[in-house]
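A short write-up of the structure that comes next.
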Amino acid sequence: MQKFTSYVVLLLFLLCFFQAFSWSQFNQGENYEGSSDLINLEYHMGPVLASAINLYIIWYGQWNPTHQATIRDFLDSLSSSSSVPYPSVADWWDTVRLYTDQTGSNITATISISGEFYDSGYSHGVYLSRLSMQSIIKAAVTSHLRLLPLNPHNGLYLVLTSQDVQVEDFCRAVCGFHYFTFPILVGVTVPYAWVGYSGTQCPGVDGMISVIAHELAEVSSNPLINAWYAGEDPTAPTEIADLCLGLYGSGGGGGYMGKVYKDAWGNGYNVHGVKGRRFLVQWVWNPVKRRCFGPNAMD
């Protein structure tokens, strides 16, 4: 990673989510690291992902194995805390876990990579719409290889597109989004998220990690777009990560990411992961503290 990675990651979010549309929208308001009066985050009685999550990755396009390993290690870090120094990715996920459903069940602490599918042949081309993601999921679960099940009980599908794939509004209005599949297209309703690898347009896999974290936090707390969000319009919800866009440490706001750690090469990070990994992951809204929060907070 280059020395200025942390600053470029912040730029990625400001560029990609400033005008984000529909399912993973940022509401062009203020970031609320130290404020509670301006937020009206409400629960709309829908489910959260309270059962242990079986995560199914669809690698769409041609991928660098080194980048894939980094992403896998981040995902494995979400449920691994015992052997990882504080603050860890799992400690960051603890804030997401504060959200509950109407039965009082918290979002799960267990996220397991349960299958991977390689769509290296670009089954739907290199120019994709948002709706294309559902067709890609359908192709993966109906492949003759049967590498991925169609799991409507506790399955979560993560579509990751390679740097040569162009997605509608990508890096102009959105770097990722989440939604749920339509039975008429896929057969059942399952939550899913898409995140694109930005290649030369944005900082690549390092910035992509934080977008993955952003979408996983929101799909877990609002999988059917009827659970946790702010705003009156469910087609354009402001969700728990949208509220903290660009915030990675204490004192953040106004284009400043906040206080983060620096490694020996000057790269910024705020959480530890498995295998000695270090990641820079944006904060999310803490419903108890009523402000943006991460485990690296100084207060």
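The values are calculated or read from the model by the stated rules, or taken from the named source; none is laboratory data. Quick caveat, the model's predicted, so the values are computed rather than measured. All Cβ positions, glycine included, derive from the backbone under ideal geometry; neighbour counts span all protein chains shown. Only protein heavy atoms, including side chains, enter the accessible area calculation; ligands, DNA and RNA are left aside. Shrake-Rupley method; radii C 1.70, N 1.55, O 1.52, S 1.80 Å.
Restricting attention to the stretch 130-191, which trypsin sites (Lys or Arg not before Pro) occupy a DSSP loop and are surrounded by at most 15 other Cβ atoms within 10 Å?
Counting only loop positions with at most 15 other Cβ atoms within 10 Å, the trypsin sites (Lys or Arg not before Pro) in the stretch 130-191 are Arg146, Arg172.
Let me have the relative contact order for the stretch 46-234, percent, based on Cα pairs under 8 Å that are six or more residues apart.
28
Return an integer: the convex hull volume of the alpha-carbon atoms of the stretch 163-299, in Å³ per residue.
Value for the stretch 163-299: 159 Å³ per residue.
Using a probe radius of 1.4 Å on heavy atoms only, what accessible surface per residue do you get for the stretch 46-234? Whole Å² is fine.
37
Under 16 Å from the 7 Å Cα→Cβ point of Ser82, by amide nitrogen: which residues of the stretch 262-299?
Label zone hits: 274-275.
What length, rounded to one decimal in nm, is gained on full extension from Asp233 through to Arg290, with 0.36 nm per residue of separation minus their alpha-carbon distance?
18.4 nm
For labels at Ser135 and Thr189 in the simple 7 Å Cα→Cβ model, what's the distance in nm?
2.4
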